[in-house]
Structure formats: structure tokens, C-alpha cells
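All remarks here apply to the structure that follows.
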Amino acid sequence: MAALLHIPVVWQTTLLLTASNVFMTFAWYAHLRNLNDRPWWIAALASWGIALFEYLLQVPANRIGHHEMSLGQLKILQEVITLTVFVPFALFYMKQPLKLDFLWAGLCILGAVYFIFRSP
């Protein structure tokens, strides 16, 4: 934990939110591939088990990040990370085709980043 103290707050937050988002993405979507033939409640229980690890990382990430970032900035950072994690997950794990829609969505999020992080 002492090593984390030397990492800037924004990077601590980003790293924890990225790890959290990996768990979140698997909790939300992996059951569509792995548990598709099982009852929904089994998928829900498996997803909740995975989501526990998401929350164990996401809650401290937001608490750390809130020292230097606004609530809006934390949310937009989370959305950037979500798309950054989701696209490789969709392509490589879920075997979805690469679409230009991912690029357009990324450009929209970059616009959100600009507006939420610009100086007043």
C-alpha cells in the first residue's frame, strides 16, 4: 500500500477503476457467452460474485479520486475506461466484429472529457 502513496491520485484512481471495470465487464456480459444455456438466476449469482470484486476496487478508487477530481470528472473518467475495456472485451472475448461505431462512441466520449475537464 505504501507504493500507492507515491503514485499520483489521478493514476491511482485510473488504475483501480480500470481493474474494477474489467470485473464489471465480465460480470455484466460474460454470462452471455459462458452461461447462455443456464437459467438466468445462475447467471445472476455468478455475476454478483464477480461484481463483488468490482466494488472492492471501485469504491476505494472513487474515494481516492474524489480528493482531486469532481464527481463529474470521476464519472467521465469511468466512461472512458468503460469503453477502453469494453472494446477489446467485445472483440477478443465475445468475438464481436470491429465496427466504426466504437470509434464514433470514442469521439463522443472525448468530447465529454474535454467539457468536463476544461478549466472554468
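Structure values in brief
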{"quantity": "Among Leu83, Leu100, Leu16: highest mean-square fluctuation, GNM of the chain, C-alpha pairs under 10 Å", "calculated": "Leu100"}
{"quantity": "With at most 11 other Cβ atoms within 10 Å, longest stretch of the chain clear of loop trypsin sites (Lys or Arg not before Pro) (DSSP)", "calculated": "1-94"}
{"quantity": "Calculated percent of Cα pairs over 26 Å apart (choose from (1) 47; (2) 30; (3) 11), label", "calculated": "(2)"}
{"quantity": "Part-to-part distance (alpha-carbon centres) for region 49-120 and region 3-40, which is given in Å", "calculated": "11"}
{"quantity": "Derived scalar couplings ³J(HN,Hα) [region 17-27; Karplus, 6.51 cos²θ - 1.76 cosθ + 1.60; whole Hz; x for Gly, Pro]", "calculated": "5, 5, 4, 4, 5, 4, 4, 4, 4, 5, 4"}
{"quantity": "Convex hull of Cα atoms in region 66-120, direction-averaged projection (nm²)", "calculated": "4.2"}
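Bear in mind that the values in this text are calculations on the coordinates, not laboratory data. Computed from a prediction, not measured in an experiment: that's the story for all the values here. Positions of Cβ are generated from backbone atoms using ideal geometry, with glycine treated the same way; all protein chains shown enter the neighbour counts.
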